[in-house]
Amino acid sequence: MTDAGPAQPGSWEQRWHPLREEWVIVAGHRQQRPWIGKTVAAAAAELPAYDPGCYLCPGNARVGGAVNARYATTFVFDNDHPCVGVDAPREVVVPPPPYRASPAVGVARVVCFSPRHDLTLAEMPPAAIAEVVDLWRGQTRELGARPEVRQVLCFENKGDVVGVSNPHPHGQIYATSFTWKTFETELGASERHQRDTGRGLMADIIRAEQQDGRRVLHEDEHVIAFVPYFARYAYEVYVVPKRRVAHVFELTDAEVAALAGALSAVTVRFDNLWRMSFPYVQVLHQAPTDGGDYRAFHFFIGFNPPLRQPTLLKYLAGPEIGGGNFVSDTGPEAKAAELRALAPVHYKRA
Ligand SMILES: [Zn+2]
């Protein structure tokens, strides 16, 4: 082993993903040198602070005629094109076994992070990011209290390569009548770990990351951010409150402020990596809200960036789609070292 990962050319290393309970394959022989050249991505056009054609900017009309508030911080509205909705049919056609079906009910909302069309989390001050976290707190509490809602999924898809064409900073919320597979898996793993060891699984992960230290990007009293040992994506990052809570709304104001600072530190480094707006899928990992016992679940935020290089996507192919396990072409230690070496100030302001 070296700092960069598996040392033997042609060697594969299996790393156990304790939250997903599956192997991640780190393919050392495919490892690339750290990116040191200039970006080959086309320079992004300068965006206006307000775009009269944007359906998310303050005061603008959306498809269907609703008009956005002239909001000053964050803004939330019901998705005009939801995949789950309160109007979903309550009766479904019963299929023959082994098939099953039931109505998918719930609420889909859009969350604008800022009135500014030209900003992203990376360019927003931590105090403004804290407003976003506070909105997640309120939305998870409000939607989670609905009798038909079993889980609230908050996420942000950012960038063309994950299918988002509107650059206005925004995320989405799905409050659903079912629970999501990823969090079911994490809950089961966390409960087993608690039962077997008497300790929290995420607490043990945090301790392991602190002891190694090479993959830690940011840490303060309340929050730690790191490229996990078992990262599936090259620049995958976890942002984790140190105190175990099952839902974002259980965080104190001090923890929200710390979380916002960590989200800023991570997203600034992402943008600085190739001096471009860095695409990712950001997900809040929360327990269900159906009144069950979820004390073993440890809330955190995961960033899944699809790029390995400025114009090179991590394609999901045979191993991932067919086999169900990720093959990582790069060592998490090397990728963390790249992010750690970057300035903590956004390149546009440096
Ligand atoms: Zn806009």
query = Take the residues of region 45-66 that are touching a residue at least 12 places away in the same chain (Cβ under 8 Å) and away from the ligand (no atom under 12 Å from the Cβ): which is surrounded by the fewest Cβ atoms within 10 Å (Cβ to Cβ)?
reply = 46
inquiry  = Residues to consider are 49, 88, 7; find the one that is over 28 Å from residue 149 (Cβ atoms) and modelled with pLDDT of 60 or more.
reply    = 49
remark   = Of those in region 138-154 that are of a type in the set (A, V, I, L, M) and in contact with a helix residue (DSSP H, G or I) (Cβ under 7 Å, 6 or more places away or on another chain), the residue surrounded by the fewest Cβ atoms within 10 Å (Cβ to Cβ) is 149
inquiry  = Go through (1) over 25 Å from residue 346 (Cβ atoms); (2) under 14 Å from the mean Cα position of the chain (by Cα) for residue 244 and report which single condition fails.
reply    = (2)
remark   = Screening 189, 128 for residues that are assigned to a helix (DSSP H, G or I), within 16 Å of the ligand (Cβ to nearest atom) and either in contact with a Leu (Cβ under 9 Å, 6 or more places away or on another chain) or free of Cβ contacts under 8 Å to residues at least 40 places away in the same chain (or both) leaves only 128
request  = Could you tell me which of the residues 217, 263 is modelled with pLDDT of 95 or more and in a strand (DSSP E or B)?
outcome  = 217
request  = Determine if region 163-181 includes at least one residue that is assigned to a loop (DSSP other than H, G, I, E, B), surrounded by 15 or more Cβ atoms within 10 Å (Cβ to Cβ), touching a helix residue (DSSP H, G or I) at 6+ places or on another chain (Cβ under 8 Å) and in contact (Cβ under 8 Å) with a residue 24 or more places away in the chain.
outcome  = yes
task = Hey, could you check region 10-44 for residues that are of a type in the set (Asp, Glu) and at pLDDT 95 or above and say which is nearest to the ligand (Cβ to nearest atom)?
result = 22
task = Out of 160, 78, 134, 118, report the one residue that is in contact (Cβ under 8 Å) with a residue 24 or more places away in the chain and either within 14 Å of the ligand (Cβ to nearest atom) or among the polar types (S, T, N, Q) (or both).
result = 118
request  = Please go through region 268-314 and pick out each residue that is touching a Ser or Thr at 6+ places or on another chain (Cβ under 7 Å) and either on the phi > 0 side of the Ramachandran plot or assigned to a helix (DSSP H, G or I) (or both).
outcome  = 271, 274, 275
inquiry  = I'd like the full set of residues that are part of a helix (DSSP H, G or I) and without any contact (Cβ under 8 Å) to a residue 24 or more places away in the chain, limited to region 137-157.
reply    = 142
ask   = Which residues, counting only those in region 285-334, are within 24 Å of residue 191 (Cα to Cα) and of a type in the set (A, V, I, L, M)?
value = 287, 296, 301
request  = Would you check if there is a residue in region 151-158 being over 16 Å from the mean Cα position of the chain (by Cα) and at pLDDT 95 or above?
outcome  = yes
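The values are calculated or read from the model by the stated rules, or taken from the named source; none is laboratory data. Everything numeric in this text was worked out from a predicted model, so none of it was measured. As a convention, Cβ positions derive from the backbone with ideal geometry for all residues, glycine included, and neighbour counts pool all protein chains shown.
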